[in-house]
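Engineer: Dropping a structure here in structure tokens format, bear with me for questions.
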Amino acid sequence: MNRPQVVSAQEWQAAREALLVKEKEHTRALDALAAERRRMPMVRLDKDYRFTAPDRTTVGLADLFQGRRQLVVYHFMLEPGQDWLCGGCASFTDNIADQSHLNARDTTLILMARAPQEEIDRIRRRMGWTVPWYSSHGSDFNDDLGLGGGFGLSVLLRDGEEFFRTYFTNGRGVDRLRLDFNLLDLTPYGRQEVWEDSPEGWPQDPTMSWLKVRDEY
């Protein structure tokens, strides 16, 4: 089995301390990005969007916040009539933890999909998810946000009866929010995907080819 070089404890500690210098630089760079993100302008959302809540009631944008002033929306890639479950979106949802600490900072996290609520319900029951999941079926919400049928993550702010979109990310921007990927990035073999810069002979598969809906492993 190909594996990292074996060295003495003293050599390992020296290598760890050298890497720690770079990790701290990276942490400070992330802090600087977060500070810049907090200063981004925002765009007003002034349409009367209507959504279907998990209990099948029709709700407006204000209801999504659940009484809080910040909202994080994960746009789940599930279209009306879609007969397959996106492994990336499903595994992202598996990584969502209890929201008590998020709520304590006046922030709500929800899922959103364009499929009707009855199609969402089947998946929610299958996976046992408890994250609030709303349907934007029949709404212009996704199109107005430039999403189409893709996945991504939006951040919204509520100020009284005014609503704003402050941030959006997708692709690798969503990757870095996942606990599983972040933990794998700490391991010797990483995510074991071909795009990674790994030593020759390390196990590597086509990107995301290994990832399945958790009840299909």
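The values are calculated or read from the model by the stated rules, or taken from the named source; none is laboratory data. What you see is a predicted model; the values in this text were computed from it and never measured. Every residue, glycine as well, gets a Cβ built from its backbone with ideal geometry; the counts of neighbours run over all protein chains shown.
Engineer: Under 8 Å between Cβ atoms, at least 6 apart or on separate chains: pull out the pairs that start in the stretch 21-50 with a residue that is in a helix (DSSP H, G or I) and end on any residue that is of a type in the set (Ser, Thr, Tyr) and surrounded by 10 or more Cβ atoms within 10 Å (Cβ to Cβ).
Structural biologist: Pairs that qualify, where the first residue is in a helix (DSSP H, G or I) and the partner is of a type in the set (Ser, Thr, Tyr) and surrounded by 10 or more Cβ atoms within 10 Å (Cβ to Cβ), are ARG37/TYR167.
Engineer: Can you confirm whether the stretch 10-32 contains a residue that is within 25 Å of the chain's Cα centre (by Cα) and within 24 Å of ASN142 (Cβ to Cβ)? Before you say what the answer is, go through the steps one by one.
Structural biologist: Within the stretch 10-32, the subset within 25 Å of the chain's Cα centre (by Cα) is 23-32.
Checking which are within 24 Å of ASN142 (Cβ to Cβ) leaves us with none.
Within the stretch 10-32, not a single residue is within 25 Å of the chain's Cα centre (by Cα) and within 24 Å of ASN142 (Cβ to Cβ).
Engineer: Which condition number does SER100 fail, the rest of (1) closer than 19 Å to VAL131 by Cβ; (2) surrounded by 11 or more Cβ atoms within 10 Å (Cβ to Cβ) being met?
Structural biologist: Going through (1) closer than 19 Å to VAL131 by Cβ; (2) surrounded by 11 or more Cβ atoms within 10 Å (Cβ to Cβ) one by one, SER100 breaks only (2).
Engineer: If you don't mind, there's one more thing I want to ask. Only one of these is within 30 Å of LEU33 (Cβ to Cβ) and out of contact with any Gly (no Cβ under 9 Å at 6 or more places or on another chain): ASP98, ASP83, ASP121, ASP63. Name it.
Structural biologist: Criteria check complete, one pass: ASP98.
Engineer: Do we find a residue being surrounded by fewer than 16 Cβ atoms within 10 Å (Cβ to Cβ) and among the aromatic types (Phe, Trp, Tyr) anywhere in the stretch 37-56?
Structural biologist: No, every residue in the stretch 37-56 fails to be surrounded by fewer than 16 Cβ atoms within 10 Å (Cβ to Cβ) and among the aromatic types (Phe, Trp, Tyr).
Engineer: Here's a follow-up. Would you please name the residue that is farthest from the chain's Cα centre (by Cα), looking only at residues in the stretch 178-190 that are closer than 14 Å to PHE92 by Cβ and in contact (Cβ under 8 Å) with a residue 40 or more places away in the chain?
Structural biologist: The qualifying residue farthest from the chain's Cα centre (by Cα) is ASP180.
Engineer: Residues that are over 19 Å from ARG158 (Cα atoms) and modelled with pLDDT of 95 or more: which helices (runs of 4 or more DSSP H) entirely in the stretch 52-135 hold 1 or more of them?
Structural biologist: Correct list: 87-94, 100-104, 117-127.
Engineer: Of everything in the stretch 103-136 that's in contact with a helix residue (DSSP H, G or I) (Cβ under 8 Å, 6 or more places away or on another chain) and of a type in the set (Gly, Ala, Ser), which residue is surrounded by the most Cβ atoms within 10 Å (Cβ to Cβ)?
Structural biologist: ALA113
Engineer: Also, quick follow-up: Within the bounds of the stretch 148-159, is there any residue that is in contact with a strand residue (DSSP E or B) (Cβ under 9 Å, 6 or more places away or on another chain), among the β-branched types (Val, Ile, Thr) and not assigned by TED's automatic domain parsing to the domain that holds GLN66?
Structural biologist: No, because not a single residue in the stretch 148-159 is in contact with a strand residue (DSSP E or B) (Cβ under 9 Å, 6 or more places away or on another chain), among the β-branched types (Val, Ile, Thr) and not assigned by TED's automatic domain parsing to the domain that holds GLN66.
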